[in-house]
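*Asks:* Here it is: the structure, laid out below.
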Amino acid sequence: MKDSTCIFCKIANGEIPSSTIYEDEDFRVFLDLGPAAKGHALIVPKEHYASIYELEDTLCSRVFLLAKKLALRMREVLHCDGINIMQNNGPVAGQTVFHFHLHLIPRYEGDSAGIRWNPGNVTPEELAELVEILRVE
Ligand code: AMP
Ligand code: ZN
């Protein structure tokens, strides 16, 4: 399914041009226009899935294979010192485009990408309670 109002549907399906670095039947990978660092790319399925919750299982497993392929390429040709692979779901998590995408962000010593969070604290009781409710088969 495509969403006629969704910019990533249009880009992924070639209706809007993009700096594409990979394409197959199911995915397009293109360079982010607001890069956190040089080479920042987005893996985007051609079908519309708003977020991880909706993403079809086969595509979900393929996304990380693709991420590895591109990460190896980035390391080889950009000589980046590291790579962040991240994916935002929901506005509170920083999602601004509501079509699933995986960020590949090459990192360089001293860059200004600033991808960090503030470590918090957790008690043994809280850990136990979380294990109780989060554990899946
Ligand atoms: P997120 O905040 O996780 O939803 O990420 C959305 C990303 O899409 C941001 O990094 C934007 O810079 C990027 N972006 C938005 N519009 C475009 C576009 N037309 N072409 C390329 N990247 C885009
Ligand atoms: Zn879409």
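*Asks:* Please list log₁₀ I(q)/I(0) at q = 0.21 Å⁻¹ for the stretch 1-82, using the Debye equation with identical point scatterers on the alpha-carbon positions.
*Replies:* Cα-only, vacuum Debye calculation for the stretch 1-82: -1.04.
*Asks:* What is the sum of charges around HIS79, taking Lys and Arg as +1, Asp and Glu as -1, for the other residues whose C-beta is under 14 Å from the C-beta of HIS79?
*Replies:* 0
*Asks:* Oh, and also: Which GluC sites (Glu not before Pro) in the stretch 77-127 pass both tests, a DSSP loop state and at most 13 other beta-carbon atoms within 10 Å?
*Replies:* In loop regions of the stretch 77-127 (DSSP not H, G, I, E or B), the sparsely surrounded GluC sites (Glu not before Pro) are GLU109.
*Asks:* Follow-up. Under the definition of Cα pairs under 8 Å and six or more residues apart, what whole-number percent is the relative contact order of the stretch 58-137?
*Replies:* For the stretch 58-137, the relative contact order is 24 percent.
*Asks:* Here's something else I'd like to know. Hey, what angle do you get for helix 57-78 against the long axis of the chain, alpha-carbon based, 0 to 90 degrees rounded to 10?
*Replies:* The angle comes out at about 70 degrees.
*Asks:* What spacing in nm lies between the two simple spin-label points modelled at THR96 and ALA50, each 7 Å away from Cα in the Cβ direction?
*Replies:* Rounded to a tenth, the inter-label distance reads 2.0 nm.
*Asks:* Moving to a separate point now. Which chymotrypsin sites (Phe, Trp or Tyr not before Pro) in the stretch 57-134 pass both tests, a DSSP loop state and at most 11 other beta-carbon atoms within 10 Å?
*Replies:* TRP117
*Asks:* Kindly identify the stretch 48-95 as rounded, prolate or oblate by the Cα gyration tensor criterion: order the square roots of the eigenvalues as a ≥ b ≥ c, call it rounded if a/c is under 1.5, otherwise compare a/b with b/c, prolate if a/b is larger, else oblate.
*Replies:* Note, shape of the stretch 48-95 comes out oblate.
*Asks:* Report the Cα-based extents of the chain along its three principal axes, largest first, to the nearest Å.
*Replies:* In descending order, the Cα extents are 52, 40, 25 Å.
*Asks:* Would you work out the relative contact order for the stretch 1-89, in percent, from Cα pairs under 8 angstrom that are 6 or more residues apart?
*Replies:* Relative contact order comes out at 21 percent.
*Asks:* Could I ask something else about it? By residue number, which cysteines of the chain lack any other Cys whose Cβ falls under 4.7 Å from their Cβ?
*Replies:* CYS60, CYS80
*Asks:* Over all alpha-carbon pairs in the stretch 70-137, figure out the percentage whose distance exceeds 15 Å.
*Replies:* 70 percent
*Asks:* Another question, if that's okay. Taking the Cβ of ARG135 as the center, what net charge do the other residues with Cβ under 15 Å away carry, scoring Lys and Arg +1 and Asp and Glu -1?
*Replies:* Around ARG135, the charge tally is -4.
*Asks:* Let me ask another. About the Cα centre of the chain, what is the dipole size in debye to 20, counting +1 per Lys and Arg Cβ and -1 per Asp and Glu Cβ, all else neutral?
*Replies:* With Lys and Arg at +1 and Asp and Glu at -1, about 600 debye.
*Asks:* What is the helix-to-structure angle for 124-134, meaning the angle in degrees between its Cα long axis and the longest Cα principal axis of the chain, kept from 0 to 90 and rounded to the nearest 10?
*Replies:* Helix 124-134 and the main axis of the chain meet at about 50 degrees.
*Asks:* What residue among ASN13, ASN118, ASN88 shows peak mean-square fluctuation when the chain is described by a Gaussian network model with Cα springs under 10 Å?
*Replies:* ASN118
*Asks:* When the chain is fully extended, how far beyond the present Cα-Cα distance does CYS60 get from CYS6, taking 0.36 nm per residue of separation?
*Replies:* Here the answer is 17.5 nm.
*Asks:* Still on this structure: Assuming R0 = 25 Å, can you tell me the calculated FRET efficiency for the pair GLU109 and GLU76, based on Cβ-Cβ distance, to the nearest 0.05?
*Replies:* The formula returns an efficiency of 0.90 here.
*Asks:* Considering the chain as a Gaussian network with a 10 Å cut-off on Cα pairs, which listed residue, ILE43, ILE16, ILE85, attains the greatest mean-square fluctuation?
*Replies:* Largest GNM mean-square fluctuation: ILE16.
Every number in this text was worked out from the coordinates using simple rules, so none of it is lab data. Because the structure is predicted, anything quoted here is derived from the model rather than measured. In this analysis, Cβ positions are derived from the backbone assuming ideal geometry, glycine residues included, and neighbour counts consider all displayed protein chains.
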